[in-house]
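Chemist: Quick one: structure below, then a few questions.
The values are calculated or read from the model by the stated rules, or taken from the named source; none is laboratory data. Worth saying up front: this structure is predicted, and the values here are computed from it rather than measured. Cβ coordinates were reconstructed from backbone atoms using ideal geometry, including for glycine residues, and neighbour counts include every protein chain displayed. With ligands, DNA and RNA removed, areas are computed over all heavy atoms of the protein, side chains included. Shrake-Rupley method; radii C 1.70, N 1.55, O 1.52, S 1.80 Å.
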Amino acid sequence: MEKLAPILISAHAGSAIVAGHYAGLWTTIHQHPDKKWTISELSEKAGCKERWVKEWVGVLASAGVLKLEEGMIISCDKDVAKTLLPTSDILQLLSELQMFMDKEDKIGACFKKDGPLGVGYSDFPKFQEWMGIWSCCRNKEKNFPERFMKLVEGGVHEALEKGIRVLEAGCGRGQHVMAVAQRYPNSSFVAFDIDEKTLELNRVDAEKLGLINLEFVVEDFCNMRPEWANHFDYVMMYDCMHDLPHPDKAMEGLKTVLKDDGVVTMLDIYASSDMVKETKNPMSTVLYNISLHHCMSVSLASGGVGLGACWGVELAQKMLIEAGWEEKELRLFRDGFMDAIFVMTKGKGLV
């Protein structure tokens with residue numbers, strides 16, 4: 001119990017943290033740094049019922065997230081409150097657990113030899129919405145896209161400024177490609193995904209932004225259009241490859257649609273393929289659990305290989321070489337805790 005008690009406490013505290021997010025309590029606390037509150041004051045300021053706030057404080061004061069002093073005075077470290085704002089990585093990773101908790105029986109059944117291959121995309125109707133929010137938060141934090149395009153070098157930023165043809169493969173809710181199309185209006189963009197309903201939402205968003213240089217189309221990695229062969233100057237992927245059922249074919253496809261002098265950037269999870277090494281990092285708990293419930297699961301459910309989020313940079317590099325990229329054509333950047341950026345240059349690239 002000594003090892004499991006902190007896990008139990010953290011799980012319940014995480015649930016209450018997300019509830020506080022939806023109630024607007026973290027935003028209220030953050031707007032008044034260093035303030036000490038009574039439950040009545042905090043409830044009133046956040047527009048909440050006092051009885052509910054009192055119980056919420058009980059959870060998080062017990063866990064040490066909030067401080068509760070004599071006289072029922074509440075305080076919170078301002079760095080903690082800032083970390084739990086709606087735009088934070090930590091808050092979004094905690095909120096992702098909502099998609100998983102009611103799937104545990106289905107996930108458990110997949111373990112059995114006679115059980116399902118995996119839990120598929122249709123069981124996660126809110127995933128694209130969550131992923132869009134997650135992408136938007138990270139983009140804002142990292143000054144995407146200009147910082148990214150300059151970081152990968154190879155003339156990508158300069159070429160986008162002048163005007164080139166760009167493809168985003170596996171665009172999801174389109175947060176990345178819309179940001180790039182908005183920043184680089186001289187370039188033309190095509191983005192594809194397998195989910196028509198998601199693309200319909202993307203088209204509405206793009207129209208609101210006035211993006212006339214962007215088209216969303218239904219497509220998949222294994223059957224990309226013949227007319228796309230040798231067609232795009234720049235191809236980009238974000239947080240997608242490890243979810244795919246057949247990533248080997250996708251990697252081959254990326255090279256096929258690229259012009260003789262072009263660049264591909266593939267952002268994925270920075271992890272080691274050596275599980276013993278990777279599990280020395282406690283934060284990998286988060287990555288493996290997301291993969292257990294979603295990344296690996298949706299790939300296996302589609303009859304795929306189930307790479308998972310922690311497939312690792314070593315395996316990624318090996319697979320890219322097997323897909324036809326030469327070692328000299330590959331570069332790898334690490335950007336922060338989670339991001340691995342693979343840059344594949346064909347011919348002279350965009351310089």
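Chemist: Quick one: if the Förster radius is 22 Å, what FRET efficiency do GLU207 and ARG183 give, using the C-beta to C-beta distance and rounding to 0.05? Write down the numbers at each step before the final one.
Modeler: Values: r = 18 Å, r/R0 = 0.81.
The calculated FRET efficiency here is 0.80.
Chemist: Same structure again: The list [x] 27, 52, 20, 1; [y] 22, 36, 23, 16, 3, 0; [z] 31, 52, 16, 1 gives values of P(r) over Cα pairs in 20 Å bins from 0, in percent, and only one came from this structure; which label was calculated from it?
Modeler: Recomputing P(r) over Cα pairs in 20 Å bins from 0, in percent here picks out [x].
Chemist: Say the dipole of region 94-188 comes from +1 at the beta carbon of Lys and Arg and -1 at that of Asp and Glu; which of VAL180, ALA169, GLY120 then lies farthest toward its positive end?
Modeler: VAL180
Chemist: TRP130: accessible area at probe 1.4 Å, nearest 10 Å²?
Modeler: For TRP130, solvent-accessible area is about 30 Å².
Chemist: Also, I was wondering about something else. Connecting C-alpha atoms closer than 10 Å in a GNM of the chain, tell me which of LYS142, LYS49, LYS259 has the biggest fluctuation.
Modeler: For the chain, modelled as a Gaussian network with Cα springs under 10 Å, the answer is LYS49.
Chemist: Please tell me the relative contact order of the chain in percent, rounded to the nearest whole number, where contacts are Cα pairs under 8 Å and at least six residues apart.
Modeler: Values: 550 pairs, mean separation 47.7, N = 351.
Rounded, it is 14 percent for the chain.
Chemist: Ok, one more. So how far, in whole Å, is the C-alpha centre of region 36-87 from the one of region 241-262?
Modeler: 48
Chemist: Helix-only mean residue ellipticity at 222 nm, the chain, DSSP H runs n ≥ 4 weighted -39,500 (n - 2.57), per residue, nearest 500. What is it?
Modeler: Mean residue ellipticity, 222 nm, calculated: -13000 deg cm²/dmol.
Chemist: Can you give the accessible area of VAL264, probe radius 1.4 Å, in Å² rounded to 10?
Modeler: 0
Chemist: Tell me the accessible surface of MET275 in square angstrom (1.4 angstrom probe, heavy atoms of protein chains only), to the nearest ten.
Modeler: 120
Chemist: Computed over the Cα atoms of region 134-205, what is the convex hull's projected area averaged over all directions, in nm²? Please list the in-between numbers first.
Modeler: On the way: hull surface 19.1 nm².
Dividing the Cα hull surface by four gives the mean projection, 4.8 nm².
Chemist: Of all beta bridges DSSP finds with both residues in region 205-351, what is the antiparallel percent, to the nearest 5?
Modeler: On the way: 14 of 20 bridges.
Within region 205-351, antiparallel bridges account for around 70 percent of the total.
Chemist: Using DSSP, restrict attention to beta bridges with both residues in the chain and report what percent are antiparallel, rounded to the nearest 5.
Modeler: Details: 19 of 38 bridges.
If we restrict to bridges inside the chain, about 50 percent are antiparallel.
Chemist: Right, another one. With the other protein chains left in place, how much accessible area per residue, in square angstrom, belongs to the chain at a 1.4 angstrom probe? Mind showing how you got there, number by number?
Modeler: Working: 17980 Å² over 351 residues.
Dividing the accessible area of the chain by its residue count gives 51 Å².
Chemist: Write down the percent of antiparallel bridges among all DSSP beta bridges whose residues are both part of region 38-192, to the nearest 5. Could you put the intermediate results ahead of the total?
Modeler: Values: 4 of 9 bridges.
In region 38-192, DSSP labels about 45 percent of beta bridges as antiparallel.
Chemist: Expressed in whole Å with the largest first, what are the equivalent ellipsoid semi-axes of region 6-140 derived from the C-alpha gyration tensor as the square root of 5 times each eigenvalue?
Modeler: Numbers: eigenvalues 217, 62, 29 Å².
After diagonalising the Cα gyration tensor, the semi-axes are 33, 18, 12 Å.
Chemist: GNM on the chain, C-alpha springs below 10 Å: top fluctuator among GLU41, GLU161, GLU219?
Modeler: Taking springs between Cα atoms under 10 Å, the residue moving most is GLU41.
Chemist: What does the charge count around VAL351 come to, taking other residues whose C-beta lies under 13 Å from its C-beta (Lys +1, Arg +1, Asp -1, Glu -1)?
Modeler: Numbers: positive: LYS162, LYS346, LYS348; negative: GLU153, GLU158, ASP233, ASP261.
Local charge sum for VAL351: -1.
Chemist: Test of understanding: what is the full-extension gain from GLU41 to SER75, defined as 0.36 nm times their sequence separation minus their Cα-Cα distance? Kindly include the intermediate steps, with their values, before the conclusion.
Modeler: Working: separation 34, 0.36 × 34 = 12.24 nm, distance 1.19 nm.
Between GLU41 and SER75, full extension yields 11.1 nm more.
Chemist: Could I ask something else about it? For region 214-351, with all protein chains present and a 1.4 Å probe, just round the carbon and sulfur fraction of the accessible area to a whole percent. Walk me through the intermediate numbers first.
Modeler: Values: 3230 of 5870 Å².
Result for region 214-351: 55 percent of the exposed heavy-atom area is carbon or sulfur.
Chemist: Take SER273, project a point 7 Å from its Cα along the Cβ direction, then tell me which residues of region 299-328 have their backbone nitrogen under 18 Å from it.
Modeler: 305-328
Chemist: Using a Gaussian network for the chain with springs between C-alpha atoms less than 10 Å apart, which of these wobbles most: VAL217, VAL276, VAL53?
Modeler: VAL276
Chemist: Setting aside same-chain residues fewer than 8 positions from LYS113, which aspartates and glutamates have a Cα under 18 Å from its Cα?
Modeler: Those aspartates and glutamates meeting the cut-off are GLU104, ASP105.
Chemist: Label points 7 Å out from Cα along the Cβ direction at LEU68 and GLU146: separation in nm?
Modeler: If labels sit at LEU68 and GLU146, their model points lie 4.7 nm apart.
Chemist: If I compute solvent accessible area with a 1.4 Å probe over the protein chains, what percent of it on region 39-104 is carbon and sulfur? Spell out each step's value before the answer.
Modeler: Working: 2090 of 3860 Å².
Its accessible area is 54 percent carbon and sulfur atoms.
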